[in-house]
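The values are calculated or read from the model by the stated rules, or taken from the named source; none is laboratory data. All values derive from a computational prediction rather than experimental measurement. Ideal geometry is used to build each Cβ from the backbone, glycine not excepted, and the neighbour counts take in all protein chains shown.
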Amino acid sequence: MKKVLVFDGISQKAIDYLEKNHFEVVTNKQSTVQDLTENTDIEAMILMMYPIDNHVFSRLPQLKIIARYGVGYDNVNLADASAHHVIVTNAPGANATAVAETAIMHMLMAGRYFYQQNQSINDNAMTIPMGQEVSHKTVGIIGFGAIGQRVDALLTGFDVDVLAYARHEKEVKNGRMATLDEIYEQSDFIVLALPATPETMNLIDAKIFDKMKDSAVLVNIARGAVVDEQALISALKSGKIAGAGLDVVTNEPVTPDNELLSLPNVFVTPHVAASSREAFDSVGLVTAQEVVRVLNGQEAKFQVN
């Protein structure tokens, strides 16, 4: 019986689907290299966030597929995977609604300083600036895949003008495709929904903040690596932008000493955008389906390498 490694707490729907297709499921915390390599006969792995490179691949001679439990796959060295003839897949769109809803929440929280308003209940000395509404604003969305398009759709009731950027032309429900400079210069809110790649590393840096409106709010539900964090902190402290809503930071998990947490115009959540019951089950099923396809000799639907 072919063996698949999953992580503790994976959606039961994923386990049920794998077992229904006659695979043996083994599970552990996936928190160390030992966890990932102790079952040397596994042929598939459904992976959370632990980094995977040649050190792991070289210990798993029968491994044929790593199915990333989510959309991002920057924790997998794709070149090493390909060198070992391992297919890497992700689950695009499976958590799009959960992440898009989180983006809207961050726009509201960071735009209106609601978190700071909550803190002021116990700290009367706090001075909180007047926030801005999302309604009738220009919203830039950088990265217009399943998540970016879902953000666009959810913004319909806010009567906004969306400027969207992607590598390919797509239909924009509440606006139009735009250049990056148009987004930086015209947007009241900028939502980052693009993957972390060598090309997007520190895409948003000091020069880009200089192009933004002083009233702009940056929302990052993508990856921390796409923003130069020190440049962001400087922009927030100097008033170059009005605020930021962040589900991701450069070094995760976010720690209490991260300066972003002490700034009065920032709202941070600990990389939980995709955490909903519905998304967890949906992603689980997509990853399990990819494993079954590949181990049965079929083509992967969402291969990324």
Is there a residue in the stretch 228-240 that is out of contact with any strand residue (DSSP E or B) (no Cβ under 6 Å at 6 or more places or on another chain), acidic (D, E) and surrounded by fewer than 17 Cβ atoms within 10 Å (Cβ to Cβ)?
-> no
Strands (runs of 3 or more DSSP E) lying entirely in the stretch 158-262 (those with 1 or more residues that are in contact with a helix residue (DSSP H, G or I) (Cβ under 7 Å, 6 or more places away or on another chain) and at pLDDT 95 or above) | 161-165, 189-192, 217-220, 243-246
What residue, among those in the stretch 175-222 that are touching a residue at least 24 places away in the same chain (Cβ under 8 Å) and polar (S, T, N, Q), is farthest from G140 (Cα to Cα)?
-> T197
The stretch 143-157 - residue that is among the small types (G, A, S) and assigned to a loop (DSSP other than H, G, I, E, B) and, of those, modelled with the highest pLDDT | G143
Would you point out which residue out of E199, E252 is within 19 Å of the chain's Cα centre (by Cα) and within 30 Å of I15 (Cα to Cα)?
-> E252
